[in-house]
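J.: Before we start, here is the structure in question, set down as structure tokens.
A short reminder: the numbers here are calculations on the coordinates, not readings from a lab. Source: prediction; values computed, not measured. Heads up, the Cβs are rebuilt from the backbone with ideal geometry, glycines too, and the neighbour counts pull from every protein chain shown.
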Amino acid sequence: MTLKRGTRHNKKFKNEFALWQKNFGVVVRRLRKKAGLSRPELASMAKFSVSTLETIEQGHGNPGLTRMMNLAHALKHTLSYLFRLTEELNDKDKHGLGGQQR
């Protein structure tokens, strides 16, 4: 599949990407808390700074594949599992069911 030039700059893409970032952060935060880890502990295990983890959890980060894989490994899950949980929250948000429970 090829994207049309400028697809990344249209409003729909930006909105969907912002939703994905927010929900990926929610997933990371929930799994971190479920594992009983503090932010400093998880950041150390994932090999990046606490501020980077905070940015991701707040839904503002744009982590690369390596960082996402490090997070998944540190949380003892697969990256596909984190993606699946993120997509489930996206679907709930798109259907008005909300995904911001903590």
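J.: When the chain is treated as a GNM, springs tying every alpha-carbon pair under 10 Å, which of 87, 57, 41 comes out with the largest mean-square fluctuation?
T.: Maximum among the listed residues: 41.
J.: Would you calculate, for the chain, the mean residue ellipticity at 222 nm contributed by helices, counting each DSSP H stretch of 4 or more residues as -39,500 (n - 2.57) and dividing by all residues, to the nearest 500?
T.: After summing the helix terms and dividing by the residues of the chain, the value is -20500 deg cm²/dmol.
J.: Which residue fluctuates most in the GNM of the chain (Cα springs below 10 Å): 90, 62, 15?
T.: Looking only at 90, 62, 15, the largest GNM fluctuation is found for 15.
J.: For the peptides 75-84, 23-32, what is the packing order when you average, over each peptide's residues, the other Cβ atoms within 10 Å and list the highest mean first?
T.: 23-32, 75-84
J.: So, one more: Could you give the size of the charge dipole of the chain about its Cα centre, using +1 on the Cβ of each K and R and -1 on the Cβ of each D and E, expressed in debye and rounded to the nearest 20?
T.: 200
J.: Where the convex hull is taken over the Cα atoms of the range 12-94, what is its projected area averaged over directions, in nm²?
T.: Mean orientational projected area (the range 12-94, Cα hull): 4.9 nm².
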